[in-house]
Amino acid sequence: MTGRLADRVCLVTGGGRGIGRAICQLFAQEGARVGVADIDMELAQHTAESLTRPGLAIEMDVSSKAGVEAGFARLTAHYGCLDVLVNNAGILLSSTFEDCSEATWDRILAVNLKGTFLCCQAAIPLMKERRQGAIVNMSSVAAKSGGFTGYPPYAASKAGVSALTIGLARYLAPFKVRVNAVAPGVIATDMTKTANHAELAARIPLGEVGDPQDVAACVLFLASDEARHVTGEIIDVNGGLWMD
Ligand code: NAP
């Protein structure tokens, strides 16, 4: 532990498992006070209790404005402020263009894009007022590729996250609030458990799918003061799957 987030109050959405859980664990190791938000309270509780510095479990559906407001109210009632927001919660529902129902489209956009927007909106007054803060959004390689294996609504939602990141970074820069994103490639989590990892690894120049910790390390950099001069940036963590 190097204390890169010593005593910072951090909120991680979708923190119950996968990449979000790895982010919570790394943040806590770096001295942060972590709010673990998830739609599944049991998962949030499990992560919060497992941290080196136990965190606060928060039940939050990021696609609901009322749910987000209640979650932020719980966080600020407990910790009093917010230094870092990580918009990690996301879903991947499989569909081609032709078989994508309206309900599937709406749900993916509601969680991945609207959820990011709602949480940013809730965080802005808390950060703007203090003229400090860092927001890290979770985009995807799909934002640039259009989705290698289909998933058009997912890719569109993540392209929206990337655009939102840049627009918000420009808006919040005068208030010294930084906004960045990470764009993972293929990471071994429940989200990708049905994929053929050997086949995918063969298409990745570095020869393997990533671990949640690979993404967490990049999120930590963007959340910490080491990135004090970085804003509006989207960092690829994809083993070379997409290079530009
Ligand atoms: P994951 O293992 O499925 O974890 C996602 C977490 O978000 C779960 O705990 C999930 O809860 C929670 N969640 C889902 N809907 C939510 C909502 N409406 N409100 C709050 N929490 C919600 O996924 P992951 O692989 O760690 O992915 C994390 C992020 O990275 C996502 O934004 C994803 O799009 C992005 N990403 C992942 C990959 C990859 O290869 N894994 C690649 C690129 C980008 P439940 O378990 O109850 O659903």
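The values are calculated or read from the model by the stated rules, or taken from the named source; none is laboratory data. Here the structure is a predicted model, which means the values were calculated and not measured. Backbone-built Cβ (ideal geometry, glycine too); neighbour counts: all protein chains shown. Just the protein is used for accessible areas: all its heavy atoms, side chains included, with ligands, DNA and RNA removed. Shrake-Rupley method; radii C 1.70, N 1.55, O 1.52, S 1.80 Å.
Would you please classify the overall shape of region 170-224 from the alpha carbon gyration tensor, given that a ≥ b ≥ c denote the square roots of the eigenvalues, rounded means a/c under 1.5, and beyond that prolate means a/b larger than b/c while oblate covers the rest?
On the way: a/c = 3.04, a/b = 2.94, b/c = 1.04.
Taking the square roots of the gyration eigenvalues as a ≥ b ≥ c, region 170-224 is prolate.
At each listed q (0.13, 0.15, 0.18 Å⁻¹), what is the log10 of I(q)/I(0) that the Debye formula gives for region 1-126 modelled as equal alpha-carbon point scatterers?
Each listed q corresponds, in turn, to -0.49, -0.64, -0.86.
Can you name the helices of the chain, as whole DSSP H runs, whose Cα span along the helix axis is 24 Å or more and whose Kyte-Doolittle mean is not below -1.0?
Result, helices passing both filters: 152-172.
Would you mind giving the three semi-axes, in whole Å and largest first, of the ellipsoid equivalent to region 62-114 according to its Cα gyration tensor?
Semi-axes from the Cα gyration tensor: 31, 11, 6 Å.
Using a 1.4 Å probe over the heavy atoms of the protein chains, calculate the carbon and sulfur portion of the accessible area of the chain as a whole percent.
54 percent
Which aspartates and glutamates, if any, have their Cα less than 13 Å from the Cα of LYS128, not counting same-chain residues under 8 positions apart?
ASP83
If we count every other residue with Cβ under 13 angstrom of CYS100's Cβ, Lys/Arg +1 and Asp/Glu -1, where does the sum land?
That sum, taken over residues with Cβ under 13 Å, equals -3.
So how much accessible area does LYS65 have, in Å² to the nearest 10, using a 1.4 Å probe?
Counting only protein heavy atoms, the figure is 110 Å².
In percent, how large is the relative contact order of the chain, given Cα pairs closer than 8 Å and 6 or more residues apart?
Reported relative contact order: 18 percent.
Over the Cα atoms of the chain, each weighted equally, I'd like the Debye log10 I(q)/I(0) at q = 0.14 Å⁻¹, rounded to two decimals.
The calculated log intensity ratios at q = 0.14 Å⁻¹ are -0.86.
For the chain, what is the calculated [θ] at 222 nm in deg cm²/dmol (nearest 500), taking -39500 (n - 2.57) for each run of four or more DSSP H residues and dividing by its residue count?
For the chain, the value works out to -13000 deg cm²/dmol.
Calculate how large, on average over all directions, the projected area of the Cα convex hull of region 17-65 is; give the answer in nm² to one decimal.
Mean orientational projected area (region 17-65, Cα hull): 3.1 nm².
Give the accessible area for MET243 in Å² (nearest 10); use a 1.4 Å probe, count only protein heavy atoms, and leave out ligands, DNA and RNA.
Here the accessible area works out near 150 Å².
Too long at a 22 Å Cα-Cα cut-off: which of LYS114/LYS158; LYS114/LYS176; LYS65/LYS158; LYS158/LYS193?
Distance filter (> 22 Å) returns LYS114/LYS176.
Alpha carbon centre of region 200-241 versus region 34-50: separation in Å?
23 Å
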